[in-house]
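Read through the structure below, which is laid out as structure tokens, and then see the notes.
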Amino acid sequence: MTDTLVNRVLELAAKQPDKQAVIFKKEQLTYSRLAERMKIIAVRLKDMGIKKGDRVLFTALSKPEMVAAYLGIQYLGAIAVFVDKNGTADNSADIYEDAQASIFLTDKPMGDYADKCRLYSLKRIYAVDDIDNTDDVELAYAMPDEDDIAELLFTTGTTGKPKGVILTYKSVYNIFINTIEGIGMSGDERLLLPLPLNHSFALRVLRAVLYLGATVVLQNGFAFSKELENNLNEFQCTAMAAVAASMEIIYGQMQDKFSEIVGKFRYIEISAGSLTVEQRKRFVKLLPNTIIYNTWGSSESGGALFINVTECVSDPVKVAAVGKPLPNVEVKVIDTEGNDIKSDSTHPGRMALKGDMKMAGYWRREELTQETLKGDWLITGDMVYLDEDGYVYMLGRADDIINVGGEKVSPVEVENAAGEYEYVKECACIGIPDPAGISGQVPMLFVVAKGSQYSEEDLKAFLAHKLERYKLPAKYLLLSELPRNRMQKVDRKELKNIWERSENGEELLINPVMQAILTRRSIRRFTDKPVPREILDLILKAGYYAPTGHNMQTWKFTVLTSAESIEKLKAVTVETAKANNVYCYGFENPKCLILISNDERNPYGCQDASCAAENIFLAAHSYGIGSVWLNPLMTLRNVEPVKSFLDELKVPANHTVWCMAALGYPSADGVMLAKKKDVVYYADDEHI
């Protein structure tokens, strides 16, 4: 018989009342407290006139109050409707109207819509301060029918209009059971969940953890890996749910500490977009003691296809599979007319799913429901084929498949091939009209370069050995980053807009200078490979070609290339900095140190040196040489023993050393730090 999450939490509150259920920073809810809070919320909603079947919107914050509100709504028998915490007032109001909601639990300002929606504070309905004795809260829980509507998940379709996915209690139950069985979760799990809780992936993981009586640790996104590390260590997390793009963010920030830190997880489940073949191989190698799962799912089906990447990575074929259905999930492949077909890599078709986890339909979208649900089958928009063992291979969304003169090209195949080129950080392929007017469509590849050594001609030559001729991209476009949605999936619709703008001359291409600026990172660890003198001379030339105030050029560039001199300067700098409470960031094994100093009588000395330093860093990066700006000498020029050594190096006594630049070939990629994009203000823009 179908169980409910509410009923299970009530059981767990009795069996393990003091076990932690939900953790967010310093706030922790045990199972008894979680049960108490959901009852309180149910009672308060009832007192406000909410009844069984009413739709209740609430902001899906990654906080305990969201979890309690979700359960409290279902305790009452109302229908939970999730709203993105970062959604606009317009979007929230559209969902409120479409769902024909009775109330919206939120603390976000709704602006002009405040009078059109019945609003109530989520924080207030969650609070217990004004209740004398929570034991006196009485409201019996009535088990719903398995076909009753439990939830509405609103997703944005291709038109941009939100559509509500109807999940019954039977659907919800089977979705979290599939997650438990597909991953092998246990009741001892302490799972870190840094994903938006209005998304189907995060929700099914949350439900599964709570149903097992395990512990979920909430986190607001992956922007800062230090928070992830702190949560992992403080709460002894055993597992994590993530998306592919976020894994790259974590890796980029942690660098050589990635394996040590992330390797503490027993497993990581990655969904909402598949890992590329290159990523699968790389992460399995970096995390030998962590099981990596990649799952496919949707709002309409929950997680349906599961693959243990760690087990399959050594298989040259199955490493590319998106997953395999569980025993209670059926998969078949159909043609454009809806007929079953026997599929393979040359004869793919549209994927159809069958199982009790599938949605009941789309809210108030009868025509779309009839198109998507055919008998017991859920028809997806994904082009796939199956192998003899039942593994599913994804070619992309049906609308994204590229028709090249009658030949079907999978954008995923092109992306996997290009992703193996060492200077491609990430890429995305779309179909565009054939400029020659012959093939109908041709592939186009958007590339985010890794470093400054990327070459379009080299990538073309690389792909020529990987792909059939008709699959080769006809055009390439460099971007600083790929456009992504809230779940970090690549936004292909926006890619097509970018291409159209570039064709109309509205979108500037990333030229080599911009490429160097956008891909440069600070490098603090270097290989033993020396910097060739002729390249170093050109890098220094870039430095003294920088602009100076009134063209005074009162600077000096003192260059150290011997290991003995470099180590001595490092030693005296670290010693002096420590003694004078000056912070000195580390650097290891540079092949060159450049001291950029300027006459202290020059009022533009700092600015001049800064311009020179930036030129040096970018020039070095353009040659594949890493660099980092080191600050301590700026305040230690006349402090012993630094002073004596700088005097030995003939740095003028009246010069301030504004920058010490360390150069060398990188031993690891630099860290991509989050950039604040709201710092630009067009003061004379009428529309601001």
How about Lys52: which lysines have a C-alpha closer than 26 Å to its C-alpha, ignoring those fewer than 8 places off in the same chain? Lys39, Lys63, Lys85, Lys108, Lys116, Lys123, Lys163, Lys170, Lys358
Taking Rh as the Kirkwood radius computed over C-alpha pairs, what is the Stokes-Einstein D of segment 533-664 at 25 °C in a medium of viscosity 0.890 mPa s, expressed in µm² per second? 166
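I need the peptides 22-30, 430-438, 175-183, 4-12 ranked by packing, meaning the mean over residues of other C-beta atoms within 10 angstrom, with the highest value on top. Don't jump to the answer; show the numbers that get you there.
Numbers: 22-30: 17.1, 430-438: 13.7, 175-183: 23.9, 4-12: 20.2.
So the peptides 22-30, 430-438, 175-183, 4-12, ranked by packing, come out 175-183, 4-12, 22-30, 430-438.
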Specify which residue in the list Gly543, Ala571, Pro530 is farthest towards the positive end of the charge dipole of segment 506-617, using unit charges on the beta carbon of Lys, Arg (+1) and Asp, Glu (-1), about the Cα centre. Ala571
If packing is taken as the average count of other Cβ atoms within 10 Å, what order do 632-643, 368-379 fall into, highest mean first? 632-643, 368-379
What are the lysines whose alpha-carbon lies under 29 Å from the alpha-carbon of Lys466, with same-chain residues fewer than 8 places away excluded? Lys281, Lys285, Lys318, Lys324, Lys342, Lys408, Lys425, Lys450, Lys475, Lys489, Lys493, Lys496
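I need the fraction of alpha carbon pairs in segment 405-516 separated by more than 24 Å, rounded to a whole percent. Working shown, then result.
Working: 1338 of 6216 pairs.
Value for segment 405-516 (Cα pairs over 24 Å): 22 percent.
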Set of segment 76-108 residues, backbone N closer than 12 Å to the point 7 Å along the Cα-Cβ line of Asp678: none
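At 0.36 nm per residue, minus the direct Cα-Cα distance, what do Asn7 and Ser455 gain on full extension? Give it in nm, one decimal, please. Don't skip to the answer; put the middle values down first.
Values: separation 448, 0.36 × 448 = 161.28 nm, distance 5.89 nm.
Gain on stretching Asn7 to Ser455: 155.4 nm.
For segment 550-688, what is the relative contact order in percent, using Cα pairs closer than 8 Å and at least 6 residues apart in sequence? Numbers along the way, then the final one.
Working: 179 pairs, mean separation 42.7, N = 139.
Averaging sequence separation for qualifying contacts and normalising by length gives 31 percent for segment 550-688.
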Based on the mean of other Cβ atoms within 10 Å per residue, sort peptides 31-41, 530-540, 198-208 so the most packed one is first. 198-208, 31-41, 530-540
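Based only on the alpha carbon positions, what is the Kirkwood hydrodynamic radius of segment 1-101, in angstrom?
On the way: mean 1/r = 0.0698 Å⁻¹.
Its Kirkwood hydrodynamic radius stands at 14.3 Å.
Could you tell me the relative contact order of the chain? Use alpha-carbon pairs under 8 Å, at least six residues apart, and round to a whole percent. Provide the component values of the computation, followed by the final result.
Working: 1320 pairs, mean separation 56.7, N = 688.
It rounds to 8 percent for the chain.
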Once the mean of 1/r over all distinct C-alpha pairs in the chain is inverted, the Kirkwood radius in Å reads 28.4
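Let me have the relative contact order for segment 5-393, percent, based on Cα pairs under 8 Å that are six or more residues apart. Could you put the intermediate results ahead of the total?
Working: 768 pairs, mean separation 49.9, N = 389.
It comes to 13 percent, rounded to a whole number.
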Could I have the simple spin-label model distance between Ile517 and Ala668, label points 7 Å from Cα toward Cβ, reported in nm to one decimal? 2.9
What is the extension gain from Glu534 to Arg124, computed as 0.36 nm multiplied by their sequence separation minus the C-alpha to C-alpha distance, in nm to one decimal? 140.8 nm
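Throughout, read-outs are computed from the coordinates displayed, never taken from laboratory work. It should be emphasised that the depicted structure is a prediction, and the values quoted were computed from it without experimental measurement. Virtual Cβ from ideal backbone geometry, glycine too; neighbours counted across all protein chains shown.
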